[in-house]
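Worksheet for the structure shown next.
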């Protein structure tokens, strides 16, 4: 890991927390999503091989975009999404506090692909907290990690793969085979960052460290994701709540493992989850900046 990349990753992560991308400007991720939707139209077939071709094309576009976005700090800022994640979660919390369940249901799909009509206030709170936990990896820790490891190419490749997973990485009739390569690549890119995130949760909540570690070891292996289960279990223990259970999507209900020993989540717990995620972002930026400065002095 180069010191310059680490410093740039820290700057990009801090910029994401401080400066939202201007709403009046089209975001590069929007262009990427539009381009990959067209690629899907041309390459789709109900096979793993076709999906692998699609994933390779998307990854190549992500890497190639580093030619235009040469700054690792700028690439990290563009690829990170911590501020948007936190703002959206807090908007949902505000709707729930105001007993405006309909508004919360309208906002929820921007965070997680569940059926909002099937959820009450507690279910929306649980879905939001689980999304905050999972996306603390995808939108904060992983972009910074890959920026530090491989510069602009690394962070933009990660963002491309994560976007592909969000587009086609579903276990349904259309994408069960076609989305396999994108989903597996996303799991691989998030493997180390997810474990870093668990360590940062422990560091942020040292009094709950024993419970966090015990919950992750006990509950995470039963989760279908090798990464999401870890961070959701860590967040559950750190917040003293229970996550998991029946999870309603538009076409099915998944029975997810129970994560944690605590009470069911409440709407007020969303703000606590956002605070924990923000602390993790700060800790990640601080660690990268410290490493980068140490290498500079060395």
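Taken together, the values in this text are just the output of simple stated rules run on the coordinates, not laboratory data. Note that the coordinates shown come from a computational prediction; the quantities given were computed from them, not determined experimentally. Every residue, glycine as well, gets a Cβ built from its backbone with ideal geometry; the counts of neighbours run over all protein chains shown.
If you take the alpha carbon atoms of the chain and fit the smallest convex hull around them, that volume is 129 Å³ per residue. By the beta-carbon count within 10 Å of each Cβ, the least crowded to most crowded order of 255, 232, fewest first, is 255, 232.
If you take the Cα centroid of segment 1-45 and the Cα centroid of segment 112-169, the two points sit 13 Å apart. The helix-based estimate of mean residue ellipticity at 222 nm for the chain, built from -39,500 (n - 2.57) per DSSP H run of four or more residues and divided by its residue count, is -22500 deg cm²/dmol to the nearest 500.
Placing a label point 7 Å from the Cα of residue 47 along the Cα-to-Cβ direction, the residues of segment 170-197 whose backbone N falls under 13 Å from that point are 178.
The calculated FRET efficiency for the pair residue 121 and residue 166, based on their C-beta separation and a Förster distance of 35 Å, comes to about 0.85.
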